[in-house]
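J.: Here it is, the structure, as structure tokens.
The values are calculated or read from the model by the stated rules, or taken from the named source; none is laboratory data. Owing to the predicted nature of the structure, the values given are computational and were not obtained by experimental measurement. No Cβ is skipped: glycine too gets one built from the backbone with ideal geometry, and neighbour counts run over all protein chains shown. Note: accessible area is taken over every heavy atom of the protein model, side chains too, but ligands, DNA and RNA are not part of it. Shrake-Rupley method; radii C 1.70, N 1.55, O 1.52, S 1.80 Å.
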Amino acid sequence: MAKRIEAFRLTCAGLIATLTVGPSDPFGAVAGQSMRMLAPRYRGELPTFLRILRALDIALPSNVPSNLRNQALLYQKIAEEALGVARDAELVKRNLSPDAPTVAADRFHPHIWSAAGPLWTTGQYRVAVGVAATSLSAHIAQKASSHLADRALVQEVFAQKLAAGRPRLHLPGDPNSEGWRSRQDGLHLTAQGAFAGIRNVAAHSSEEWSEQYALEMLCVLSVVARWTDETELVRGAS
């Protein structure tokens with residue numbers, strides 16, 4: 001995090017220096033070339049920098065100048081403050097926090113992260129989770145060849161009891177064993193909970209979710225997707 005902030009601070013500094021060169025300056029042509037390189041870099045690094053500020057609980061500026069040089073001056077100053085906060089946070093984490101495992105979001109089930117990822121960088125975490133749930137529903141419906149969706153879909157296709165001509169997605173194993181019934185019931189109930197408590201809430205809420213909370217919801221969706229991949233399509237005898 002500190003490295004990303006420092007890189008952005010240097011980009012701001014370079015942009016400020018370039019924009020300070022006047023049109024009559026003998027280095028104006030060189031500055032123009034630098035400007036063409038630095039401005040896209042600045043715009044590309046800015047969204048990540050703002051996301052880092054939110055993660056560090058640093059207030060975003062309420063008034064951002066439209067003038068590019070003044071804007072870079074503002075963000076350079078904020079970057080210097082953020083750099084100190086980030087370095088302190090990393091020291092505290094390294095020296096005081098207990099070791100704990102981490103979860104890599106880009107290693108969630110492909111149907112989950114490929115749907116959520118593009119929205120994640122915008123900070124729309126609740127919307128990203130909702131889109132991931134829709135992707136999961138489509139994944140399950142396709143595997144089951146079902147026209148249903150969301151909670152109605154998983155309530156039907158993950159049910160243990162077979163019905164004539166009705167598609168079921170069952171985990172491998174002996175359906176008469178306690179172990180199989182426990183796993184299938186777990187899939188059935190977890191999937192219903194995912195769509196009732198995650199997808200529906202994401203779709204009908206207007207309140208934004210924190211990144212941590214949204215990641216935990218994606219974990220649940222990813223587990224359901226992984227279990228779905230283990231299932232086999234079966235139908236009851238007509």
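J.: Looking at this structure, is A82 in contact with a helix residue (DSSP H, G or I) (Cβ under 9 Å, 6 or more places away or on another chain), modelled with pLDDT of 80 or more and open to solvent by less than 70 Å² (accessible area, probe 1.4 Å)?
T.: Values: in contact with a helix residue (DSSP H, G or I) (Cβ under 9 Å, 6 or more places away or on another chain): yes; modelled with pLDDT of 80 or more: yes; open to solvent by less than 70 Å² (accessible area, probe 1.4 Å): yes.
Yes; evaluated as a whole, the condition is true for this residue.
J.: Right, another one. Taking the condition open to solvent by 70 Å² or more (accessible area, probe 1.4 Å) and either of a type in the set (S, T, N, Q) or touching a Gly at 6+ places or on another chain (Cβ under 7 Å) (or both), does Q155 pass?
T.: On the way: open to solvent by 70 Å² or more (accessible area, probe 1.4 Å): yes; either of a type in the set (S, T, N, Q) or touching a Gly at 6+ places or on another chain (Cβ under 7 Å) (or both): yes.
The answer is yes for Q155.
J.: Same structure, new question: Out of (1) open to solvent by less than 20 Å² (accessible area, probe 1.4 Å); (2) under 30 Å from L56 (Cα atoms); (3) part of a helix (DSSP H, G or I), the odd one out for R126 is which?
T.: Just one mismatch for R126, condition (1).
J.: Select from region 102-123 the residues that are outside any helix (DSSP H, G or I) and under 26 Å from V157 (Cβ atoms) and list them in ascending order.
T.: Step one: list which residues in region 102-123 are outside any helix (DSSP H, G or I), which gives 102-104, 108-109, 121-123.
Hits for region 102-123 are F108, H109.
J.: Across region 189-218, which residue is least open to solvent (accessible area, probe 1.4 Å) among those that are hydroxyl-bearing (S, T, Y) and over 26 Å from L233 (Cβ atoms)?
T.: S205
J.: So, in region 167-188, exactly how many residues are surrounded by fewer than 13 Cβ atoms within 10 Å (Cβ to Cβ) and part of a loop (DSSP other than H, G, I, E, B)?
T.: At the first step, the residues of region 167-188 found to be surrounded by fewer than 13 Cβ atoms within 10 Å (Cβ to Cβ) are 172, 174, 176-179, 182.
Now restrict to residues that are part of a loop (DSSP other than H, G, I, E, B): 172, 174, 176-177.
Final tally of qualifying residues: 4.
J.: Moving to a separate point now. Restricting attention to region 130-146, does a residue exist that is assigned to a helix (DSSP H, G or I), in contact with a Cys (Cβ under 9 Å, 6 or more places away or on another chain) and either touching a residue at least 12 places away in the same chain (Cβ under 8 Å) or open to solvent by less than 60 Å² (accessible area, probe 1.4 Å) (or both)?
T.: no
J.: When region 152-166 is examined, which residues are found to be at pLDDT below 95 and outside any loop (DSSP other than H, G, I, E, B)?
T.: Residue satisfying the conditions is A164 alone.
J.: Just checking, which of P47, P65, P110 is under 16 Å from the mean Cα position of the chain (by Cα), at pLDDT 90 or above and under 25 Å from L19 (Cα atoms)?
T.: P47
J.: A further question on this structure: Report every pair of residues separated by at least 6 positions or lying on different chains whose Cβ atoms are under 6 Å apart, first residue within region 167-193 and of a type in the set (A, V, I, L, M, F, W, C), second at pLDDT 95 or above and in a helix (DSSP H, G or I).
T.: Close Cβ pairs satisfying both conditions: L169/A144; L169/V157; L171/R183; L171/Q184; L171/E230; L187/W227; A191/V154; A191/V224.
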